[in-house]
1. Can we say residue 35 is in a strand (DSSP E or B) and in contact with a helix residue (DSSP H, G or I) (Cβ under 8 Å, 6 or more places away or on another chain)?
2. Only residues that are assigned to a loop (DSSP other than H, G, I, E, B) and either closer than 24 Å to residue 34 by Cα or touching a strand residue (DSSP E or B) at 6+ places or on another chain (Cβ under 7 Å) (or both): list them for the range 45-67, please.
3. Mind counting the residues in the range 10-28 that are closer than 19 Å to residue 79 by Cα and either touching a helix residue (DSSP H, G or I) at 6+ places or on another chain (Cβ under 9 Å) or crowded, with 20+ Cβ neighbours inside 10 Å (or both)?
4. Give me the residue from the range 29-42 that is exposed (fewer than 15 other Cβ atoms within 10 Å of the Cβ) and in contact (Cβ under 8 Å) with a residue 40 or more places away in the chain and, out of that set, nearest to residue 86 (Cα to Cα).
5. For the range 75-99, how many residues are in a loop (DSSP other than H, G, I, E, B), touching a residue at least 40 places away in the same chain (Cβ under 8 Å) and touching a strand residue (DSSP E or B) at 6+ places or on another chain (Cβ under 7 Å)?
């Protein structure tokens, strides 16, 4: 079974990452996770980090995360986007094409 990588305090300080933010009892979060796990399975690699919002209250406040699930995209030390409506796997791919194009190079 594919499992997303847990984010660490050290990783949060890095310049670039794709972060899935959730809470354990959120039904919509579980659906969003399934989409991300399918994407990782197709590419056979770790792409996303995950964070339990309850364990990182300071980060949630600093990053101004409004709700979960949230797909937070950080590049060049700056939060580029926060996606709250996952909608579909295809929708998530639009962000991957923009922020992680190397996934699509053979």
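The values are calculated or read from the model by the stated rules, or taken from the named source; none is laboratory data. Just so it is clear, the model here is predicted, and its values are computed rather than measured. Counting neighbours? That spans all protein chains shown, and the Cβs are built from the backbone with ideal geometry, glycine included.
1. no
2. 45, 46, 47, 48, 56, 63, 65, 66, 67
3. 8
4. 31
5. 1
Every residue, every condition in (1) under 13 Å from the mean Cα position of the chain (by Cα); (2) modelled with pLDDT under 95, yes or no:
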| site | (1), (2) |
| --- | --- |
| 8 | no, yes |
| 17 | yes, no |
| 22 | yes, no |
| 29 | yes, no |
| 36 | yes, no |
| 48 | yes, no |
| 52 | yes, no |
| 55 | no, no |
| 60 | no, no |
